[in-house]
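Peer 1: Just dropping this structure here.
The values are calculated or read from the model by the stated rules, or taken from the named source; none is laboratory data. Everything numeric here is computed off the predicted structure, so don't read it as measured data. In this analysis, Cβ positions are derived from the backbone assuming ideal geometry, glycine residues included, and neighbour counts consider all displayed protein chains.
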Amino acid sequence: MPELQPNSRHCFACGLENLYGLQLRFYETGPNEVTAQYTVPEHFQGYPGVVHGGVVTAMLDEVTGRAHIRGDPPRFMYTAKLEVRFRKNVPIGVPLRVVGKAEGSKSRRATSIGMIYDPDGELLAEAKALLIDLPEGAVENVELEALGWKVYEEENSISPGSVGEL
């Protein structure tokens, strides 16, 4: 059974209280794998009907980092390098599958890959990331749940489509 990963409050990619963000929810779907199902709303488009490339990149950046975040305490990392390949236009308003897979990990560094697929399983965009652990002690004495880092039940999520209703 897939396990829901924690979200934050204000992160652009996963912040559930960020009305202008993506509000992605990630599930641990296999060994070293996370997945999010997401339909990109119209207000994130670049060309008509196409998700803006910066938003596609943000989705890939988040999923590659989350592939390594498991554990207690979680392994928080920042992206040192992200290589993105846009294979096809990523459409607005279509259910997408965003997948991240952890690859290697050595010392404070790790690598992972991210992919975005359409409903037919066609690869639309992919990325390879080099990730670095946060500096030692950066979150050591931080109460993560007090900062909003926790598993939120599905009904606590605000729909990204509601931004246009503000």
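Peer 1: Take the residues in region 39-58 that are of a type outside the set (Ser, Thr, Tyr) and part of a helix (DSSP H, G or I); name whichever of them is nearest to residue 97 (Cα to Cα).
Peer 2: Here is the first cut: in region 39-58, the residues of a type outside the set (Ser, Thr, Tyr) are 40-46, 48-56, 58.
Those left that are additionally part of a helix (DSSP H, G or I): 42-44, 53-56, 58.
Details: 42: 17, 43: 19, 44: 17, 53: 16, 54: 17, 55: 15, 56: 12, 58: 14 Å.
Looking at residues that are of a type outside the set (Ser, Thr, Tyr) and part of a helix (DSSP H, G or I), I get 56.
Peer 1: Could you list, in sequence order, all residues of region 126-145 that are part of a strand (DSSP E or B) and hydrophobic (A, V, I, L, M, F, W, C)?
Peer 2: The first filter runs over region 126-145 and keeps only residues part of a strand (DSSP E or B), leaving 126-133.
Selection gives 127, 129, 130, 131, 132.
Peer 1: Still on this model: How many residues are in a loop (DSSP other than H, G, I, E, B), in contact (Cβ under 8 Å) with a residue 40 or more places away in the chain and more than 18 Å from residue 44 (Cβ to Cβ) if we restrict to region 1-16?
Peer 2: The number of residues fulfilling the criteria is 4.
Peer 1: Checking residue 64 against (1) in contact with a Ser or Thr (Cβ under 8 Å, 6 or more places away or on another chain); (2) in a strand (DSSP E or B), which single condition isn't satisfied?
Peer 2: All conditions pass for residue 64, except number (2).
Peer 1: Could you list, in sequence order, the residues of region 140-166 that are at pLDDT below 70 and within 29 Å of residue 84 (Cβ to Cβ)? Please lay out each step first, then the result.
Peer 2: Looking only at region 140-166, we keep the residues that are at pLDDT below 70, and these are 155-166.
157, 158, 159, 160, 161, 162, 163, 164, listed by residue number.
Peer 1: From the list 90, 94, 98, which one is buried (at least 16 other Cβ atoms within 10 Å of the Cβ), free of Cβ contacts under 8 Å to residues at least 60 places away in the same chain and either under 19 Å from residue 36 (Cα atoms) or not polar (S, T, N, Q) (or both)?
Peer 2: Working: 94 fails: buried (at least 16 other Cβ atoms within 10 Å of the Cβ); 98 fails: free of Cβ contacts under 8 Å to residues at least 60 places away in the same chain.
Just one listed residue meets the conditions, 90.
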